[in-house]
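Worksheet: one structure, shown below.
The values are calculated or read from the model by the stated rules, or taken from the named source; none is laboratory data. Bear in mind that the values here come from a model prediction, so they are computed numbers and not experimental data. Backbone-built Cβ (ideal geometry, glycine too); neighbour counts: all protein chains shown.
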Amino acid sequence: CGIFGIYGHPEAANLTYLGLYALQHRGQEACGIVSSDGRSLHVHRSMGLVADVFGDQAIFRNLPGEAAIGHVRYSTTGDSVTKNVQPIKVDYSRGSIAVAHNGNLVNAQMVKDELEAWGSIFQTTMDTEVILHLLASSKQNALEDRIAEALGRLKGAYCLLFLTETRMVAARDPQGFRPLCLGKLGDGWVVASESCALDLIEAEFIREVEPGEVIVITKDGITSHFPLKKSEAAPCIFEFVYFARPDSYIFGKNVYMVRKDFGRQLAREHQVDADIVIPVPDSGVPAALGYAQEAGLPFELGLIRNHYIGRTFIEPQQSIRHFGVKIKLNPVREILEGKRVVVIDDSIVRGTTSRKIVKMVRNAGAKEVHVRISSPPTSYPCYYGIDTPTRKELISSSHTIEEIRRYITADSLGYLSEEGLLKAVGAGENPFCKACFSGNYPITFPKLAAAPQLD
Ligand code: 5GP
Ligand code: SF4
Ligand code: MG
C-alpha cells in the first residue's frame, strides 16, 4: 500500500490526489482521501485506480480543507471489498479520526479477539481497524498519548497517517519495515510512503520518518516523539528489489542505483556467454542495465510492455494473472532472432510468468535463453505488508534451482546470492529484513495461528 498526507495547504485534497497518483504502483485495487476543514472530516473512497476514482473534479468540492490524508490499497489482509477501502474514519466521543495504513500487523487477530470480548464491533476485516479501536478505547487524554498507547499494543509493520479535525499524525513501527518520508511545501507539511510523491507536487524532501517515530503536526508546527520500545531496524529489502519506484529515495538510498548494483553483482556471480541482455520490463530494467554494463554486453529492449495494464502480480485474481503476460509483453523479433539472450527479472514467485516469458523469447527466434534474477529465491511468505502468496505457491520453497530452470524451460538460471544482495545494498552496518529469502523473520508471531499462511 501507499500513504500520503498534507497539512497546512489550501489545495490539500488535490495535492493528495497527485501524491496518490505518484504512489499508484504501491496499490491498484482501491484508494481514498479524507480531508479536514478544521471542523469535520470528509471522505471519498472507492475501488479502482486513483485517476478513475478521483477523475471528476466535482469530487474535490466535497473534500474541503487544508489537511488531507490518502491511501492506495493492495490487499495483504482483509478481503478486497469496498468496505475495506482506506482511509478508515470513525466518529467517537472525542470527535472524528481517520487512519491510512501501509504494512501488516502480525497480532491483529489476537488484539481483535480481546477487543471483541470487551464489546467492540468491527466493521471491516482489515487489521487497520484494530488501531482505531485501541485508540478510541484508550484512557489517555492527549492524542499523541492515545496513539502511543495503541501502538504499544501492536506488533508488525506499519506506516500510519492519522487525521483529526485539527491534527495530522505520522507513525512508523520500531523496525521501520516500510518507507515513510517527510517533506515541506510552502508552510505546509507533507508525509509520503516514497519521495517520488514529494517530487510530483514539488515539495522539498526533509528527511525520513525514523523507525519508532511519531510526528504530530498541528497549526503550530511539528513535534517528534519516540514513545515505543527501541528495537533493531529491519527495513524491507524487497522494497529495493521490486516494490518501490526507481526514482524514489528510501532507507537513505536511491532505488534505481541499488537495483543497478543488484544487476552488476548478479553479472559477477552468474556470467554467461551471450549476445544481448534484455530486461523483463519494467521491474527488471535497472538490474539489466547494471548486468549489461558489468558483463560488457549490449543492452536491448527485447520485450515491449503495454503500459496500460497494471502490475499483473498485484491483480488479486489468478485468472487475470494467467493471460496477463501476453496482454502485457510482446517480443521484438528483430532483436531476438538468432541471439543468445540473457533475460533479467527481479524475482520469480510462482514461476508462471517466467515460464511464459522464456517461451515467448524463444518463439521470437532466440537461440539460447539464460534467465538471471536480481534477488535470491523467494522461498518464504511475507507477513509484513507485501502480498507474497502462501509457501506452497512459492516455486522455490519446494524446488531446487535446477528444477525451476527446467520448469521455466531456460538454458540456464542464476539468482543473486543473499550475500550479493546485502553487499549491493550496502547493508554492512545496517540490518535489513530479508525473511522472504532467508526465512529469518525479525518479528516472531505471538501465536502461530495469527500467521495463517505459514505451512
Ligand atoms: P512469476 O514468474 O513468479 O510468475 O512472476 C515473476 C514476476 O512477478 C516478476 O517479474 C516480478 O517483477 C513480478 N512481481 C510482481 N509483483 C510482485 C510481488 O509483489 N512480489 C514478487 N516477488 N514479485 C512480483
Ligand atoms: Fe520485505 Fe521480504 Fe521482509 Fe516482507 S519478508 S518485509 S517482503 S524483506
Ligand atoms: Mg516484473
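Each row is one residue, and each column tells you yes or no for (1) charged (D, E, K, R); (2) in a strand (DSSP E or B).
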| position | (1), (2) |
| --- | --- |
| M126 | no, no |
| E129 | yes, no |
| L134 | no, no |
| Q140 | no, no |
| I147 | no, no |
| Y158 | no, yes |
| L161 | no, yes |
| T166 | no, no |
| F177 | no, no |
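What's the number of the condition G385 fails, among (1) crowded, with 17+ Cβ neighbours inside 10 Å; (2) in contact with a helix residue (DSSP H, G or I) (Cβ under 8 Å, 6 or more places away or on another chain)?
If we test G385 against (1) crowded, with 17+ Cβ neighbours inside 10 Å; (2) in contact with a helix residue (DSSP H, G or I) (Cβ under 8 Å, 6 or more places away or on another chain), just (2) comes out false.
Filter the range 388-409 for residues that are surrounded by 19 or more Cβ atoms within 10 Å (Cβ to Cβ) and in a loop (DSSP other than H, G, I, E, B); which is modelled with the lowest pLDDT?
Only one residue fits best here, namely T388.
Say we look at the range 179-220 and pick out the residues that are touching a Cys at 6+ places or on another chain (Cβ under 6 Å) and outside any strand (DSSP E or B); which of these is surrounded by the fewest Cβ atoms within 10 Å (Cβ to Cβ)?
By that ranking, first place goes to S195.
Checking the condition more than 30 Å from E165 (Cα to Cα), more than 16 Å from ligand 2 (Cβ to nearest atom) and in a loop (DSSP other than H, G, I, E, B), which residue from D247, D261 passes?
Sole residue among the options that is more than 30 Å from E165 (Cα to Cα), more than 16 Å from ligand 2 (Cβ to nearest atom) and in a loop (DSSP other than H, G, I, E, B): D247.
Of all residues in the range 330-386, count the ones that are within 16 Å of ligand 2 (Cβ to nearest atom) and not in a strand (DSSP E or B).
18
May I ask you to list the residues in the range 344-364 that are away from ligand 3 (no atom under 13 Å from the Cβ) and in contact with a Lys or Arg (Cβ under 6 Å, 6 or more places away or on another chain)?
Within the range 344-364, A364 is the sole residue that qualifies.
Considering each of D247, D261 in turn, give the residue that is more than 16 Å from the chain's Cα centre (by Cα), farther than 25 Å from A136 by Cβ and either at pLDDT below 95 or away from ligand 3 (no atom under 16 Å from the Cβ) (or both).
Residue meeting the stated conditions: D261.
Quick grid of which residues meet (1) closer than 19 Å to T218 by Cα; (2) at pLDDT 95 or above; (3) of a type in the set (S, T, N, Q):
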{"position": "Q28", "(1), (2), (3)": "no, no, yes"}
{"position": "G32", "(1), (2), (3)": "no, yes, no"}
{"position": "V43", "(1), (2), (3)": "no, yes, no"}
{"position": "A68", "(1), (2), (3)": "yes, yes, no"}
{"position": "T77", "(1), (2), (3)": "no, no, yes"}
{"position": "P87", "(1), (2), (3)": "no, yes, no"}
{"position": "G95", "(1), (2), (3)": "yes, no, no"}
{"position": "V99", "(1), (2), (3)": "yes, yes, no"}
{"position": "N104", "(1), (2), (3)": "no, no, yes"}
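Pick from L185, L200: which is within 22 Å of P64 (Cα to Cα) and within 19 Å of the chain's Cα centre (by Cα)?
L200
Given G55, G38, which one is in a loop (DSSP other than H, G, I, E, B), surrounded by fewer than 19 Cβ atoms within 10 Å (Cβ to Cβ), assigned by TED's automatic domain parsing to the domain that holds V190 and touching a Ser or Thr at 6+ places or on another chain (Cβ under 9 Å)?
Within the list G55, G38, the selection yields G38.
Mind listing just one residue for me: the one in the range 268-310 that is hydroxyl-bearing (S, T, Y) and part of a loop (DSSP other than H, G, I, E, B) and, of those, nearest to ligand 2 (Cβ to nearest atom)?
Across the range 268-310, the extreme among qualifying residues is S283.
Return the pair list, or none, for Cβ contacts closer than 6 Å from residues in the range 347-358 that are hydroxyl-bearing (S, T, Y) to residues that are not in a helix (DSSP H, G or I), at least 6 apart or on different chains.
Hits for this filter: S347/S375; S347/T378; S354/I348.
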